[in-house]
Amino acid sequence: MNVFYGLNNLPQFVHAVITIGTFDGVHKGHQVILQNIVKKAKETQGESVIITFEPHPRFVISPNQKNIFLLNTLDEKIENLKKQNIDNLVIVNFTKEFANMEADEYIKNFLIEKFHPHTIIIGFDHQFGRNRHGNFKMLEDYKNQYHFCLEEIPMQVIEENKISSTKIREAILIGDVEKAKRYLGENYTIEGRVVEGEKRGRQIGYPTANIEIQNPYKLMPAKGVYAVRVCIDSKHFEGMMNIGNNPTFVDTNKLFLEVNIFNFDEDIYGKIIKVFFVFFLRDEKKFLSVNELILAIDEDKRQSLEILNLNK
């Protein structure tokens, strides 16, 4: 998949079959749409072109809106789209100026001038341009003038996508990572840099890698303990992860992301690691003693190994 950042120096796409969207999560609903784009491009002997935006338009249009979190970082989105056999991904810098482009300019100066589309495939409810004045009907009015085909993504598919995205977020927020996987088609992941911690885990026989998330808008699973898989330098390991405030040791609102990697004893400070959430084990709990905590962690590890063995 070719990845283009911005609109400068785009190639002349051959019979471009394009669609536009944020594609956060690239879940199973999105995958149905993307498969149709790829199929159509093959039928027309053209190239599939996905247009997406960075940052997410909501951060620009509604900058004061709180609780905007994403299922994917940009890098994760790119990796997920690569799996869909897309030919080209164009990442457009979404700015206030871009958002304020008049709808007819959006069609002429953006879609037509930059992409010369053979076919545009969008949802019936797709809106664009200043104050979202542009829509599917407006594109229909221009298709003969600019000689492009126009196809509508059915209402049922669009509604299923909206439901899927909502259900994924709801599942992650309560720790139901198994349900999230059913919609995503794969385990939900987070990625971050390993940083120095308090080394309390090492003192009780369970050393942990403390993870610092690079993107503050990445949606975090619910607090608690999870059976996980971990990717370090393209190598995969099994482990368990705690997300929480360490109530047994400290009284703070700071969120700690700590993963204990089984059968692992390497210095990975400063490295970027990826964590795959497989199963929610239990809520975070304040224990009355360190010994009680150790017994609980022993059981967490036993359960994690059992679950990860069943989910290979």
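The values are calculated or read from the model by the stated rules, or taken from the named source; none is laboratory data. The model shown is predicted, which means the values in this text are computed figures rather than measured ones. Cβ placement follows ideal geometry from the backbone for every residue including glycine, while neighbour counts extend to all protein chains displayed. Accessible surface is based on the protein model in full, side chains and every heavy atom, while ligands, DNA and RNA are left aside. Shrake-Rupley method; radii C 1.70, N 1.55, O 1.52, S 1.80 Å.
The set of residues from segment 1-47 being closer than 18 Å to Glu151 by Cα, of a type outside the set (A, V, I, L, M), assigned to a helix (DSSP H, G or I) and in contact (Cβ under 8 Å) with a residue 40 or more places away in the chain comprises Gly29, His30, Gln31, Gln35, Asn36, Lys40.
For the structure I just gave you, tell me whether Asp75 is among the charged types (D, E, K, R), outside any strand (DSSP E or B), within 24 Å of Thr189 (Cα to Cα) and out of contact with any strand residue (DSSP E or B) (no Cβ under 7 Å at 6 or more places or on another chain). Lay out the reasoning, then the answer.
Values: among the charged types (D, E, K, R): yes; outside any strand (DSSP E or B): yes; within 24 Å of Thr189 (Cα to Cα): yes; out of contact with any strand residue (DSSP E or B) (no Cβ under 7 Å at 6 or more places or on another chain): yes.
It is true that Asp75 is among the charged types (D, E, K, R), outside any strand (DSSP E or B), within 24 Å of Thr189 (Cα to Cα) and out of contact with any strand residue (DSSP E or B) (no Cβ under 7 Å at 6 or more places or on another chain).
Residues satisfying the criterion are present in segment 226-244 (criterion: in contact with a Gly (Cβ under 6 Å, 6 or more places away or on another chain) and at pLDDT 90 or above). Counted as qualifying within segment 80-194 are the helices (runs of 4 or more DSSP H) with 1 or more residues that are in contact with a His (Cβ under 7 Å, 6 or more places away or on another chain) and touching a residue at least 60 places away in the same chain (Cβ under 8 Å), namely 155-173, 177-184.
Quick check on Glu178: is it of a type in the set (D, E, K, R) and modelled with pLDDT under 95? Can you show your working first?
On the way: of a type in the set (D, E, K, R): yes; modelled with pLDDT under 95: no.
For Glu178, the condition - of a type in the set (D, E, K, R) and modelled with pLDDT under 95 - is not met.
Looking only at residues of segment 187-203 that are farther than 14 Å from Met241 by Cα and surrounded by 15 or more Cβ atoms within 10 Å (Cβ to Cβ), we find that the one that is nearest to the chain's Cα centre (by Cα) is Asn187. Counting the residues of segment 15-35 that are open to solvent by 10 Å² or more (accessible area, probe 1.4 Å) and out of contact with any Ser or Thr (no Cβ under 9 Å at 6 or more places or on another chain) gives 3.
Taken over segment 69-116, the criterion of being open to solvent by less than 40 Å² (accessible area, probe 1.4 Å) and under 13 Å from the mean Cα position of the chain (by Cα) is satisfied by Leu70, Leu71, Asn72, Thr73, Leu74, Glu76, Lys77, Ile78, Asn80, Leu81.
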